[in-house]
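For reference, the structure is listed below as structure tokens.
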Amino acid sequence: DAGVTQSPTHLIKTRGQQVTLRCSPKSGHDTVSWYQQALGQGPQFIFQYYEEEERQRGNFPDRFSGHQFPNYSSELNVNALLLGDSALYLCASSFQVSQETQYFGPGTRLLVL
Amino acid sequence: GQQLNQSPQSMFIQEGEDVSMNCTSSSIFNTWLWYKQDPGEGPVLLIALYKAGELTSNGRLTAQFGITRKDSFLNISASIPSDVGIYFCAGPYGGSQGNLIFGKGTKLSVKP
């Protein structure tokens, strides 16, 4: 049973650039959520995708956007990168009917220089 | 807004010891989740609790959903070196079931 996978594992960008992170949900799951985890903190919710639409959003600016594909996989895009965007970006998947029970991927470590 | 307060922030264990940690909130939660995160990895779901008073075990781990719905506890019995890591409690924020908020974590380390 394939778990949540994310790519790439690590990424280095410079300020002002744009980045795209990818996530494949656990087999059978239809809902994908994205989180940002700064060093020494718990994950913070960015947004959730279900049926290819953004359903819920946390307190993140419009520079953060996403997409969900018909096969339930998802992308997170961040534009105009800031130094403060350096973090571990986590994808979590779930069933929509039990969307609070989320399984996380290994994350993508983003460093903005 | 809702906040989850975890305690202790850190603790040191010796192999074989029992460990207890808790998570409290000023608001009511209808689900409590406990995760473990190793350095450089994503959080791994350990136990999910859905009902007040519920007591659930997963091997040497036992978690309880507090009766007031404002707290939860995680116990680890007979700790082993691979229990080292950061333990997070989490729950759905407000009315949004998919938006999880997390505590700041309890860091478990091995006693020197």
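Laboratory data are not the source of any read-out in this text; all were calculated from the coordinates shown. Owing to the predicted nature of the structure, the values given are computational and were not obtained by experimental measurement. Glycine also receives a Cβ, built like all others from the backbone with ideal geometry; neighbour counts cover every protein chain displayed.
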Worksheet entry | Largest-first ellipsoid semi-axes for the range B:55-112, taking √(5λ) over the Cα gyration tensor eigenvalues, angstrom | 25, 15, 9
Response to the item:
Within the range B:91-112, the residues whose backbone N lies under 11 Å from a label point placed 7 Å from the Cα of B:Q14 along the Cα-to-Cβ direction are B:111-112
Practice prompt. Evaluate 2.2 N^0.38 Å with N set to the residue count of the range A:31-113, then give the Cα radius of gyration divided by it.
Written response: 1.05
Fill in: Shape parameters for the protein assembly as shown, alpha-carbon atoms, Rg then Dmax in Å
17.4, 51
Fill in: Interatomic Cα distance distribution for the range B:1-50, bins of 5 angstrom, percent
4, 14, 19, 27, 22, 9, 4, 1
Discussion item. Rounded to the nearest angstrom and ordered from largest down, what semi-axes does the equivalent ellipsoid of chain B get from its C-alpha gyration tensor (root of 5λ)?
Written reply: 23, 15, 12
Worksheet item: In what order do B:L4, B:L46 fall by count of nearby beta-carbon atoms within 10 Å, going from fewest to most?
Response: B:L46, B:L4
Fill in: Cα-based shape type of the range A:8-59, given that a ≥ b ≥ c are square roots of the gyration tensor eigenvalues and the cut on a/c is 1.5
prolate
Worksheet item: Where in the range A:8-41 does the amide nitrogen come within less than 14 Å of the point 7 Å from the Cα of A:Q96, taken along Cα to Cβ?
Response: A:29-33
